[in-house]
2 protein chains.
Amino acid sequence: MSKSIFYHAGCPVCVSAEQDIVNLIGSSEVDIIHLGEDRSQIEAAEKAGVQSVPALLTPNGNVLHINYGASMADVKG
Amino acid sequence: MSKSIFYHAGCPVCVSAEQDIVNLIGSSEVDIIHLGEDRSQIEAAEKAGVQSVPALLTPNGNVLHINYGASMADVKG
C-alpha cells in the first residue's frame with residue numbers, strides 16, 4: 001500500500017479535514033472513501049483500526065484520527 | 001505562513017503521529033514544536049486553537065487534532 005486512505009462520512013468536520021489533508025499531502029497521494037456512500041468499505045476501515053471519522057490510514061498502516069466528526073457506530077447507523 | 005506546525009509534548013502518541021506526519025507531508029514542510037521543552041510557545045498554540053496534542057496547525061490556520069496524547073491543561077501541568 002503506497003497511498004494513504006482518508007475515510008470520512010460527509011460531515012462538516014470531515015469535509016474541512018479532507019480539504020486540509022489533500023492540500024498537505026497532495027490529492028495524488030490519498031484515496032478518499034466516503035463510508036456513508038460506500039458502506040462496503042466499513043468493515044475494512046474498522047479492521048484497519050478506524051474508530052471515528054475523519055481518519056487517515058497511512059501507507060504504513062497507522063490510523064490518524066483527525067479531529068472528531070462521528071463514531072463508527074454513528075456511521076453504521 | 002507557508003509551513004505547517006506540528007505541536008507535541010513528547011508523549012508516545014505524539015512521537016508516533018509526528019513520524020507519520022513527517023513521512024506524509026515531508027520534513028521541509030512542517031516545523032516541530034515540543035511544548036514541554038519550549039513552553040514559551042504554549043500561549044501561541046492555544047491562541048491558534050490547539051486544545052490537545054499532538055496537533056497540526058495547517059498553513060491556512062486550521063488545527064487538526066490528531067489522535068489524542070494529552071490536553072493542553074496536562075501540557076501546562
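All of the numbers you see were taken from the coordinates with simple rules; none came from a lab. Nothing here was measured: the structure is a model prediction, and the numbers come from that model. We place every Cβ from the backbone using ideal geometry, glycine too, and count neighbours over all the protein chains shown.
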Inset, instruction - Would you work out the relative contact order for chain B, in percent, from Cα pairs under 8 angstrom that are 6 or more residues apart? - result: 39 percent
Legend entry - Value of [θ]222 nm, deg cm²/dmol, for the protein assembly as shown, DSSP H segments ≥ 4, -39500 (n - 2.57) each, nearest 500: -9500 deg cm²/dmol
Inset, instruction - Under 17 Å Cα to Cα from A:LYS76, which aspartates and glutamates show up? Leave out anything in the same chain fewer than 8 places away. - result: A:GLU37, A:ASP38, A:GLU43, A:GLU46
Inset, instruction - Could you pull the copy-to-copy label distances for B:HIS34, with points set 7 Å along Cα to Cβ, in nm to one decimal and sorted shortest first? - result: 4.3
Inset, instruction - Please figure out what share of the DSSP beta bridges in chain B is antiparallel and state it in percent, rounded to the nearest 5. - result: 60 percent
